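Since every read-out is calculated from the coordinates, none of them should be taken as a lab result. Here the structure is a predicted model, which means the values were calculated and not measured. Here Cβ is always computed from backbone atoms with ideal geometry, including for glycine, and neighbour counts include all displayed protein chains.
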Amino acid sequence: MAEIVIVKDTAEAGELAADAILALVARRADAVLGLATGSTPLGVWRALAGRRADLSRARGFALDEYVGLPDGHPESYRAVITREVVEPLGLDESLVAVPGHLGPIETAGEDYELAIRAAGGVDLQVLGIGTDGHIGFNEPGSSFESLTRVKTLTQQTRRDNARFFASVDEVPVNCITQGLGTIRRARHLVLLAFGEGKAAAIAAAVEGPVTASAPGSAIQLHSHVTVIVDEAAASGLANVDYYRYAWANKPEWEGL
Ligand code: PGA
């Protein structure tokens, strides 16, 4: 099962995830990182930037992207990844791919899968979770075997993301996202969530039945998952006492 770590805030979560990423890059400078956008991973990028590690050889694959925004739009995930991840962490932009930017949209999914495979697969995938339970932009109903492809956002996701745009009408309807099958191939998943708004999605992902109706529950099919949550996001979990006990008694040599 996933390891559940309950932290006091996003800063503590960021430091923990940064530890795991830096341990990986110390083993292999050209490690492949799965990058997520959104508010959730910002503490991870902040913590990593603060460590001033040399990440210039690390490679990156973003989880998802909007379809239909003009090139260079500041809320396109290409722009967000450059602004929030590549620049502060000192990544080499030419080593960081975002789906939908490698060629025509009709073949963008296959092209992205090929690029991930050519890089040797994702070593560590950072994930957030949507209030509707999505990971990447795999909305409820997505197949656990799905690969990178163009999808349609739920209205709930468009409303959730309207804060980045002038109005909800400007949030694109379509997106391209790594599939749940793509995400499940990454060697280590680090899923973060904060705030009460994520409590139901986290409970469904960690303790609910494995069902396409709760895309986050795909993590239960993976052998190496770390879920880092604050108290509020953990508030829907039934087995919190055990998670705390297991974390407190974890052998230090194991790492995340
Ligand atoms: P958020 O989005 O980090 O902005 O809450 C998470 C997600 O939609 O996956």
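Please go through the range 92-116 and give me each residue that is closer than 12 Å to VAL67 by Cα, without any contact (Cβ under 8 Å) to a residue 60 or more places away in the chain and hydrophobic (A, V, I, L, M, F, W, C), ordered by number. Scanning the range 92-116 gives a single hit, VAL98. The residue pairs whose first member lies in the range 135-150 and is over 13 Å from THR211 (Cβ atoms) and free of Cβ contacts under 8 Å to residues at least 60 places away in the same chain, whose second member is away from the ligand (no atom under 13 Å from the Cβ) and assigned to a loop (DSSP other than H, G, I, E, B), and whose beta carbons are closer than 6 Å, counting only pairs six or more residues apart or on different chains, are SER146/GLY179; LEU147/GLY179; THR148/PRO99; THR148/GLY179.
Meeting the requirement of 1 or more residues that are under 24 Å from ALA20 (Cβ atoms), the strands (runs of 3 or more DSSP E) wholly within the range 101-186 are 124-127, 174-177. If you go through the range 28-45 and keep only what is within 13 Å of the ligand (Cβ to nearest atom), in a strand (DSSP E or B) and of a type in the set (A, V, I, L, M), you end up with just LEU35. Scanning the range 171-199 for residues that are in contact with a helix residue (DSSP H, G or I) (Cβ under 7 Å, 6 or more places away or on another chain), closer than 15 Å to GLY130 by Cα and surrounded by fewer than 24 Cβ atoms within 10 Å (Cβ to Cβ) returns a single hit, PHE194. If only residues of the range 13-31 that are small (Gly, Ala, Ser) and either more than 12 Å from LEU124 (Cα to Cα) or without any contact (Cβ under 8 Å) to a residue 40 or more places away in the chain (or both) are counted, the one that is surrounded by the fewest Cβ atoms within 10 Å (Cβ to Cβ) is ALA26.
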